[in-house]
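Single-structure report; data block below.
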Amino acid sequence: MIMKDTYKTAFKNLIILEIGDYVSAPYCTKLFADYGANVIKIEPKEGDSSRKSAPFPNDIPNSETSGLYLNLNTNKKSITLNLDTSDGKALFIELIKKSDLLVIDKPSSYLNKIGLPLELLNKLNSSLIITHITPFGNNGPYEDYETNDFISFALTNRMSPHGIADGPPLQYGSDVILYQIGTTAAAASMAAIFARNKNTKGHLIEISGMEAQIGNVDTRTVFDQYTKRLLQRGSVDLRYPTGCYPCLDGYIVFGSGEDRFFRRLCSAIGKEDLLNDPNWSIPANRESKQEEFETYLLEWLLVRPKQKVFEICQEYGVMCTPINQIGDLFLDPQLVHRSYFVKSQHELAGEITYTGAPFRFSKLEWNISSTAPKLSQHTKEILNKFLGVPVKDLCILKSNGTI
């Protein structure tokens, strides 16, 4: 059944349709599903493209065990529905009439082509909230352009300031922007839900991926406006020991070269006597002595594991952190203490460790009550029990390519 009443959740009566692919739209709806919303994931016959994304258990590709797909689609129900058919459109319209929120990432041109423009969907259900995610918005010269995370980094100034001065621009990790867009879409959808609770009216929310990330980019976006000059790669003035340094088993990052942190670091590494010398105690005087200080620092770092360095530095109030690899996170004392990671058993993939709640309520529950659905796993349940389509008609719909 659609409704869940087995535990307290934030959105147990909320019915959400997702027509989304890969990361942004699925992550948006996951943020609702994991807090109890009823998310119906509408997939094409070939399924969400994330089903093809590695990693896979034992490196054996399987559309049901993609690590990316499994992570992004917990607590959802999957149906297949061909919106290019008249029966598919009719079933989709019935779902629209019963839903609270539609999250969709198809371009307006596609929706117009198949006869399901956003304006029509809004008329079918006046209280429906539609969150429409596109790379560039619903109008303008880029409206129908395709993009991905890499292209978006280049286009929106995320890439140009990053990297060493004499090298090419660098990208962040993959899919960072797509998750950010999904988070923005979820926040906007939640705001619309609150607004609808006041006046029962739906909303059409337009999410431009380009605009969402420019608004959330770092201070370099406004740097030019204040200084009237572009911030170049490698041009930020960072006082030592800010930066990355090797340890016995990896790397540590120091986050600030402010005088107070320099003094604390001197004490942490047993060099507090340097501060009795004006050449070191006065910040302006020690600018020329970076190489000498780093010799002292490296002698101390290279014989200690990064976690031990981190613990000692925290005792002295030094702003630093180890550069963690994925495996380090599962052992991190902070995350272990808060029981951040959770495990769940998947029918085909086995035991999976999931990242935990992105935010925590004091009286509402985050929960992975079901793993990501198999392709079309819930088509019969949704169409028969939720929409009332007779079982005999489901066979016809399957044979004519609708489901």
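The values are calculated or read from the model by the stated rules, or taken from the named source; none is laboratory data. Values in this document were obtained by computation on a predicted structure and should not be read as measured data. Backbone-built Cβ (ideal geometry, glycine too); neighbour counts: all protein chains shown.
Quick notes on this structure:
Let's see how each residue does on (1) within 18 Å of A25 (Cα to Cα); (2) touching a His at 6+ places or on another chain (Cβ under 8 Å):
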| site | (1), (2) |
| --- | --- |
| D166 | no, no |
| G173 | no, no |
| G182 | yes, no |
| A188 | yes, no |
| K198 | no, no |
| I207 | yes, yes |
| Q213 | yes, no |
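- Look at region 346-361: where a residue is aliphatic (A, V, I, L, M) and a partner is surrounded by fewer than 11 Cβ atoms within 10 Å (Cβ to Cβ), sitting 6+ places away or on another chain with Cβ atoms under 9 Å, you get I352/K343; I352/Q345.
- With respect to being surrounded by 13 or more Cβ atoms within 10 Å (Cβ to Cβ), under 20 Å from E18 (Cα atoms) and more than 21 Å from the chain's Cα centre (by Cα), E143 falls outside the description.
- Failed item in (1) part of a helix (DSSP H, G or I); (2) farther than 22 Å from C28 by Cα, with N139 passing the rest: (1)
- Residues of region 93-113 that are crowded, with 16+ Cβ neighbours inside 10 Å and either without any contact (Cβ under 8 Å) to a residue 60 or more places away in the chain or not assigned by TED's automatic domain parsing to the domain that holds A25 (or both): P107, S108, L111.
- Residues that are within 29 Å of the chain's Cα centre (by Cα), assigned to a loop (DSSP other than H, G, I, E, B) and either modelled with pLDDT of 95 or more or surrounded by 13 or more Cβ atoms within 10 Å (Cβ to Cβ) (or both) within region 235-281 comprise T242, G250, G255, S256, listed in sequence order.
- Filter result for F150 (farther than 20 Å from E381 by Cβ, in a helix (DSSP H, G or I) and aromatic (F, W, Y)): yes
- Index of the failed condition, I312 passing every other in (1) crowded, with 18+ Cβ neighbours inside 10 Å; (2) in contact (Cβ under 8 Å) with a residue 24 or more places away in the chain; (3) assigned to a helix (DSSP H, G or I): (1)
- Boolean, S208 is modelled with pLDDT of 80 or more and out of contact with any Lys or Arg (no Cβ under 7 Å at 6 or more places or on another chain): yes
- All helices (runs of 4 or more DSSP H) inside region 320-403 with 1 or more residues being assigned by TED's automatic domain parsing to the domain that holds I42 and farther than 30 Å from F254 by Cα: 391-399
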